Structure formats: C-alpha cells, structure tokens
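Okay, so here's the structure we're looking at.
The values are calculated or read from the model by the stated rules, or taken from the named source; none is laboratory data. Just so it is clear, the structure is predicted and the values come from calculations on it, not from any experiment. Every residue, glycine among them, receives a Cβ derived from its backbone with ideal geometry; neighbour counts consider all protein chains shown.
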Amino acid sequence: MNKLLGCAAALAALICTAAFAGPLPEAKPAEVGFSQDGLARMDDFFAREIAAKRVPGAVVAIAREGRLVHFKAYGQLDPAKGTPMPLDAVFALASMTKPMTAVAGLTLMEQGRLPLQAKLADYYPAFADMKVGVVQADGSLKLDAQTRPILIHDLYRHTSGLMYGGRPDSTSPVAKAYPGGITPAIEGDTAAFIERITKLPLAHQPGTVFEYGFSIDVLGAVVEKLSEQRLGEYLAKNVWQPLGMKDASFAPSEAQRARLARPFANNPLNGKPQTIRLLDTPQKSDCGGACAFATIGDYVRFGQMLLNGGELEGKRVLGPKTVHHMISNHLGPEIQNNVGKVEPHRAGFSFGLGVAVRTQEGLSAVPGNPGEFTWNGAYGTQFFCDPKEKLVVVVGTAAPGDLRKYYREQVQDIVYGAMVR
C-alpha cells in the first residue's frame, strides 16, 4: 500500500510526501504557468492554520493543462490519534457528491432514457400531489397546487421547490418541516426517503426559484429507478471505475475507514462539539446529494474528465456537447437566482446541471473566469474547474464548521495568485 516515506514539520504543520502514484501526470510549476514561490504560499497557509489548531489537516491537488503541479498532504488525518495525513486520505464529500450524481443522470440522458423535460412524477408519482407552501401574514401556511409539474431539469438546477431543513438562518414553517441533509439517508432507504419528502410542502412553485436542497438526492433516486441498481453501483460501473476513482464509494471498506479524515472534536471557532456523522453512522441509502466518499486524487480525476469534455485517458464518460450543456447557465431570467446566498463568494455565479457556473467577471470575492464551474461540501471539501485556464483544483479538509467557507476563499486566492500566465 501507500507507505509514508517521511513527514517533516513546517511551522507545526506536517507536510507529508508519500510513495504514491499520482492521479494525473506531473509538471513543474513553470511548465504550466505557475510560480514555485506562489505555490509555496499554500504550504505556509496550511502550516499557519494547523499550528493555530484551526484545522487538523488537508490534501490539496492543483492540475493545469492536464498535469499535476501541486499534490500535497498537510497535518493530521485524525487529530485524536495524531495520525499523519496521507495523500490517499478518504474524505466524506457531502455535497461534492452532487456533481457525480448529475453525471450519472446525464449518462442516462445520453441513452435517451432521462430527458430534462420529463416529469418527475413519471418515475415517482407521489411528487405530482405535492403542494406549495405559501406563508401568510399571520405565519400560517396556505397550500397551493403546483402551477406546473416538477421536471427532471428542476432537479439538476435546484428549481424543484424542494429544500433543506435544519438551517439556522431560516424560520420559515416550510423549512422547519424538512429534515437535515443527510438525515433521510441514515434513517431509511430510498423508498422511505421518497415517502417522507413527498409529504412535505414545496418551498416554491417548480421552475421559479433556485432553492438549494434535496433535488439531487431525488435525481439519484430516479437513477436508481431507471437503472434498477443502487446509485453507488451505477456510479461505480459508469463513472468511478472507468475513471480509476479507486476509493469512491458510498460505503467505505474497513481498509478505507482507516484512512477517513476526521475533524476536531470541538469547533475551533466557538468550542462547541462537532462531528461528521457519516464517518461512524452507516447510511441506509446512497443519497445522491451528500453521502459519497473519495480521495482528493479520485476527485481531481473526475474534475479533469469534465474539463476534458467527458473523457480521461481514453475512457469516455460523457460526450463533449453534454458536458458543455452541463456547465452552462440554466437559470433563465424567469428564475430567481439565489446561488450567491448559499456561499459568500458566489456572487456572479448561476447554476448549471449539478454545478455552480460563473457567468460574470468581477462580483465574486475570488478570482476566476466566466465559465468556471464548481461545488463544495459541507464537511470541508472543495472543487473548481476553470476551462479558460485549463485548471482543476480539489481540496479536502475535515472542517464541518463555518471555517470551511474561509478555506474555500483563501485557497482560490492562493491558487490564482500563484499563476503567472
């Protein structure tokens, strides 16, 4: 296996190198337009953060023009045990599961089995009877009929009216009715999830508002219905295995569990207990919105496949025109775009099919170009691809608190600051 050859302390952070076959070919920084000194700022940044005990550790992969220019592990895999972070650490991806589920759905679209304009109720009829919850002046909830059905298209772009519960920023009686993101997957199978979710009110009329929530979990259930397989089985055959994503899974093996990245027991910002529930609570369903695991090396191969137009090393997962459609803006002027409200650095972004898409110069807190596509995970993972720069960046941390948003912004600043052409 991947035997650690050595780990040296750098300002209290462990920056480890391993006898590890890289997930992509390697390049020297200057060969692909990076400054070596600029990339060293990533080492310095995580050294400071780890020394301050704000994050246990991280794995960072940066690839440009199809070659890895930076692939390093920092700090600790498990702060309770003091285990060094290996390059093949396995991370709970949370919502970085969503782009992979979207790709699974798009493979079925390419087979002529799952068109975007298909009605969701054609696969799960109970969705046809869901009502839209309209909050009245007195705080009561009026239930209106759907003005048009939920479409498969709505699931990809979060315009179904489904939402997440458990949000501290929402006092809406609709939000209070919804479970938290991973709760249904832990408590029941796919059938139980569908039964539970279809008894709740929709937050908006279908096709009118971007509302982040369970839409892609439902898309995963549609993939299961059509393929007659669990989502993980379908992804393994059609995405993970062709791309050589060796550790991607919904159910890590015992060997993989020994490589799970774990957070601090307490949130470093407020001292309150924190956990990543999926690390020790087996899920009962393969939830397409939040429940997959993978290494950063696995995910950089997934991102490179998308940047290549659906192909990697001779293995084609999607056609290039399908990928182009996936990473285009799907929130027209008739749809309320709330993407910038999900994360503080998403101003200037819209949404495609399973990924956020940068549509404008400026506005965002982080550098980048129109056409960038991205999504992140609530436990501290991050990925973005910039087609103009031929750039893929994937980061793994076990930081389930608000610090994860800070790391997303700082990492993107450092990456673009290190580019010299």
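Annotations
- Qualifying positions in the range 301-330 - closer than 22 Å to residue 23 by Cβ, basic (Lys, Arg) and part of a helix (DSSP H, G or I): 301
- Matching residues in the range 102-158 - criterion: being among the acidic types (Asp, Glu) and touching a Pro at 6+ places or on another chain (Cβ under 8 Å): 154
- Summed over the range 385-397, the residues that are part of a strand (DSSP E or B) and touching a residue at least 60 places away in the same chain (Cβ under 8 Å) give a count of 8.
- Conditions (1) closer than 29 Å to residue 151 by Cα; (2) touching a residue at least 60 places away in the same chain (Cβ under 8 Å); (3) of a type outside the set (A, V, I, L, M, F, W, C); number of the one not met by residue 340: (2)
Residue-by-condition table, conditions (1) farther than 19 Å from residue 263 by Cβ; (2) touching a residue at least 24 places away in the same chain (Cβ under 8 Å); (3) of a type in the set (Gly, Ala, Ser):
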position	(1), (2), (3)
53	no, yes, no
56	no, yes, no
65	yes, yes, no
71	yes, yes, no
75	no, yes, yes
80	no, yes, yes
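- Sole residue being among the charged types (D, E, K, R), within 18 Å of the chain's Cα centre (by Cα), buried (at least 24 other Cβ atoms within 10 Å of the Cβ) and within 26 Å of residue 219 (Cα to Cα), chosen from 372, 343: 372
- Matching option when the condition is buried (at least 22 other Cβ atoms within 10 Å of the Cβ), among the small types (Gly, Ala, Ser) and outside any helix (DSSP H, G or I), among 220, 271, 181: 181
- Qualifying residue in the range 10-31 (condition: modelled with pLDDT under 95, under 26 Å from the mean Cα position of the chain (by Cα) and closer than 20 Å to residue 418 by Cα): yes
- Scope the range 331-383; condition part of a strand (DSSP E or B) and either in contact with a Leu (Cβ under 8 Å, 6 or more places away or on another chain) or under 17 Å from residue 290 (Cβ atoms) (or both); matching residues: 350, 351, 356, 373, 374, 375, 376, 381, 382, 383
- Considering the conditions (1) surrounded by fewer than 23 Cβ atoms within 10 Å (Cβ to Cβ); (2) under 18 Å from the mean Cα position of the chain (by Cα), residue 302 is excluded by exactly one of them, (1).
- Residue within the range 398-418 that is in contact (Cβ under 8 Å) with a residue 60 or more places away in the chain, part of a strand (DSSP E or B), in contact with a helix residue (DSSP H, G or I) (Cβ under 9 Å, 6 or more places away or on another chain) and surrounded by 20 or more Cβ atoms within 10 Å (Cβ to Cβ) present: no
- Complete set of residues in the range 299-344 that are under 16 Å from residue 372 (Cβ atoms) and among the acidic types (Asp, Glu): 343
- Some residue of the range 241-252 being in contact with a helix residue (DSSP H, G or I) (Cβ under 8 Å, 6 or more places away or on another chain) and assigned to a helix (DSSP H, G or I): yes
- Given (1) buried (at least 24 other Cβ atoms within 10 Å of the Cβ); (2) within 24 Å of residue 417 (Cα to Cα); (3) not aromatic (Phe, Trp, Tyr), index of the condition residue 290 fails: (2)
- Of the residues making up the range 81-90, one or more are buried (at least 21 other Cβ atoms within 10 Å of the Cβ), over 22 Å from residue 387 (Cβ atoms) and among the small types (Gly, Ala, Ser).
- Test: residue in the range 121-128 that is out of contact with any Phe, Trp or Tyr (no Cβ under 7 Å at 6 or more places or on another chain), without any contact (Cβ under 8 Å) to a residue 12 or more places away in the chain and not acidic (Asp, Glu): yes
Condition check ((1) in contact with a Cys (Cβ under 6 Å, 6 or more places away or on another chain); (2) under 17 Å from residue 225 (Cα atoms); (3) surrounded by 11 or more Cβ atoms within 10 Å (Cβ to Cβ); (4) of a type in the set (A, V, I, L, M)) across all residues:
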position: 106; (1), (2), (3), (4): no, yes, yes, yes
position: 111; (1), (2), (3), (4): no, yes, no, no
position: 123; (1), (2), (3), (4): no, yes, yes, no
position: 126; (1), (2), (3), (4): no, yes, yes, yes
position: 129; (1), (2), (3), (4): no, no, yes, no
position: 132; (1), (2), (3), (4): no, no, yes, yes
position: 139; (1), (2), (3), (4): no, no, no, no
position: 144; (1), (2), (3), (4): no, no, yes, no
position: 149; (1), (2), (3), (4): no, no, yes, no
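- As a summary of the residue check, residue 191 satisfies the conditions (1) under 20 Å from residue 106 (Cβ atoms); (2) free of Cβ contacts under 8 Å to residues at least 12 places away in the same chain; (3) not in a loop (DSSP other than H, G, I, E, B) except for the one numbered (1).
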